[in-house]
Amino acid sequence: MPLFSRKPQRSTHAVTIHFAQPMSPHVRHAQEDGIVGTLLPQLDASAVINGGGTALSAEGEPVAADIELTVTAVDIDRVTIELLGVLESNGIARGSWVAVDGRKHPVGSTEYVLLRTHLHSAASEDLTGVTIALQAALGSGAIGWHDETYAGATGPVYVFSGSSAESILAALRPTLPLHSSLGAAELASVTVGAAEAG
């Protein structure tokens, strides 16, 4: 038995997290805070954010986001496994991935749906009843969840997620005609490969 045990060596690793989903900068920053400020310290790891950003469509909608980190850890394999598990349980979209030192690990099974309201001048109080009705249509999370609402080019855009974009679309479509303000609203599945209800 050695008299002196060797302290495990810490090493640094380039980590990129790609979220294949509509994510506003506000939500991306919340993800960064959770990963860097909470998750990694629990795994005896630390990180520095090197970059990242939100990819926008031609219409200015967020379509994906990236977080670029330098992670310092004793056991990067453990950190990778735990990170993938947390991202999956938090509803990361199918088509997302985590790259560690250039090696990509696919992650995600959640599907996303957008409701573009086309309400150019809607006040937040005008949307309260609509938000409650849309959430009720999803059965309190049995079908999907209302994740956030962001300011789109033509008015507020609701973001929904769940195990099936088709189920979310089927649940929300009958609700739209009940609200005159949503006469011009548009529902769209934005997860690559997700089926859309007719």
The listed residue being under 11 Å from the mean Cα position of the chain (by Cα) and part of a strand (DSSP E or B), out of A14, A99, A64: A64
Residues of the range 154-166 that turn out to be within 16 Å of the chain's Cα centre (by Cα) and either within 10 Å of L115 (Cα to Cα) or open to solvent by 50 Å² or more (accessible area, probe 1.4 Å) (or both), as a count: 5
Among the residues listed as A142, A151, the single one being part of a loop (DSSP other than H, G, I, E, B), on the phi < 0 side of the Ramachandran plot and surrounded by fewer than 13 Cβ atoms within 10 Å (Cβ to Cβ): A142
Conditions (1) under 17 Å from F160 (Cα atoms); (2) of a type in the set (K, R); (3) open to solvent by 60 Å² or more (accessible area, probe 1.4 Å): number failed by R10: (1)
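Okay, residues lined up against (1) out of contact with any Pro (no Cβ under 7 Å at 6 or more places or on another chain); (2) farther than 30 Å from G183 by Cα; (3) not charged (D, E, K, R):
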residue	(1), (2), (3)
P8	yes, yes, yes
P25	yes, no, yes
A30	yes, yes, yes
I35	yes, yes, yes
A99	yes, yes, yes
R116	yes, no, no
Residue list for the range 73-111, restricted to those being open to solvent by 20 Å² or more (accessible area, probe 1.4 Å), closer than 22 Å to P41 by Cβ and of a type in the set (S, T, Y): S89
Selected residue (only one of Q31, Q42, Q21 is closer than 28 Å to A137 by Cβ and either of a type in the set (F, W, Y) or free of Cβ contacts under 8 Å to residues at least 60 places away in the same chain (or both)): Q31
Conditions (1) open to solvent by less than 20 Å² (accessible area, probe 1.4 Å); (2) part of a helix (DSSP H, G or I); (3) farther than 30 Å from L39 by Cβ; number of the one not met by S181: (1)
Yes/no for S96 being within 30 Å of A153 (Cα to Cα), of a type in the set (S, T, N, Q) and touching a His at 6+ places or on another chain (Cβ under 6 Å): yes
Single match in L169, L134, L127, L119 (criterion: more than 30 Å from T16 (Cβ to Cβ), part of a loop (DSSP other than H, G, I, E, B) and open to solvent by less than 50 Å² (accessible area, probe 1.4 Å)): L119
Cβ pairs under 8 Å, 6+ apart, first in the range 182-196 and more than 14 Å from T117 (Cα to Cα), second modelled with pLDDT under 90: S189/A195; S189/E196
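The values are calculated or read from the model by the stated rules, or taken from the named source; none is laboratory data. Computed from a predicted model, the values in this text were never measured in an experiment. When we count neighbours, we look across all protein chains shown, and the Cβ atoms used for this are built from the backbone with ideal geometry, even at glycine. These area figures cover heavy atoms from the full protein model, side chains too; ligands, DNA and RNA do not enter into them. Shrake-Rupley method; radii C 1.70, N 1.55, O 1.52, S 1.80 Å.
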